[in-house]
Amino acid sequence: MIAVALAVSLVASTCPATDSRSELLSLHETTRQAHLRGDGALIAGTISDQLLLAENGGIRTQSNAEVGQFFTGYFSRVRYREWRDVSPPVVTISPDGEMAWMAVGVEAKYARADKPAEGEKSFKSSWIATYKRDKCAWRMTGIASDIVE
């Protein structure tokens with residue numbers, strides 16, 4: 001039993017000490033940049049192998065590749081002009097530093113690249129996302145979101 005506890009302790013300590021809150025906020029900034037640049041692969045880089053989504057009254061999973069494909073297709077149809085926080089994200093990290101959640105609210109402005117005559121549109125969105133440390137890096141594992149246009 002002591003050997004198992006020691007092995008778990010050694011594995012957990014292989015990650016360097018970091019500021020998890022800053023790392024998670026950096027992932028959020030990466031997501032913002034991905035929207036402004038139209039880069040689906042950049043978003044996929046923040047996602048775990050599988051993402052659990054709770055939206056529109058349903059629950060489903062998407063692979064990392066599916067998330068990347070979705071955003072690549074989406075960004076081929078829209079161009080964001082603005083994507084900003086309406087208030088600072090709320091970040092909570094588990095006592096063992098292995099899991100976290102973040103609550104976010106943003107306002108965004110975009111135009112449809114495939115329908116420019118529609119002009120600029122805007123929306124507000126909020127979500128709570130869960131994160132897990134994977135090989136010493138934070139990755140999003142789940143998200144429950146809402147959008148108001």
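Quick notes on this structure:
- Rounded tilt (10° steps) of 20-37 against the dominant C-alpha axis of the chain: 20
- Estimated inter-spin distance, Ala17 and Asp134, nm [label 7 Å along Cα→Cβ]: 2.8
- Length gained when the stretch Leu25-Ala117 is fully extended (0.36 nm per residue, less Cα-Cα span): 29.6 nm
- Radius of gyration over Kirkwood radius for region 49-139, both on Cα atoms: the Rg/Rh ratio is 1.02.
- Summarising the amide proton neighbourhood of Trp83: residues at separation of 5 or more, or on other chains, whose placed amide H is nearer than 5 Å comprise Lys109.
- Degrees separating the helix 64-77 axis from the principal Cα axis of the chain, which is the longest one: 20
- Taking the longest Cα principal axis of the chain as reference, the axis of helix 2-12 is set at about 30 degrees.
- Normalised contact order of the chain, rounded percent, pairs of Cα under 8 Å and 6 or more residues apart: 22
- Separation of the Gln33 and Thr72 label points, Cα + 7 Å toward Cβ, nm: 2.0
- Listed by chain and number, the aspartates and glutamates placed with their C-alpha closer than 13 angstrom to that of Lys121 are Glu82, Glu107, Glu149; residues fewer than eight positions away on the same chain are left out.
Bear in mind that the values in this text are calculations on the coordinates, not laboratory data. Every value quoted in this text rests on a predicted model; they were computed, and no experiment measured them. Don't worry about glycine lacking a Cβ; one is built from the backbone with ideal geometry, like all the others, and counts go over all protein chains shown.
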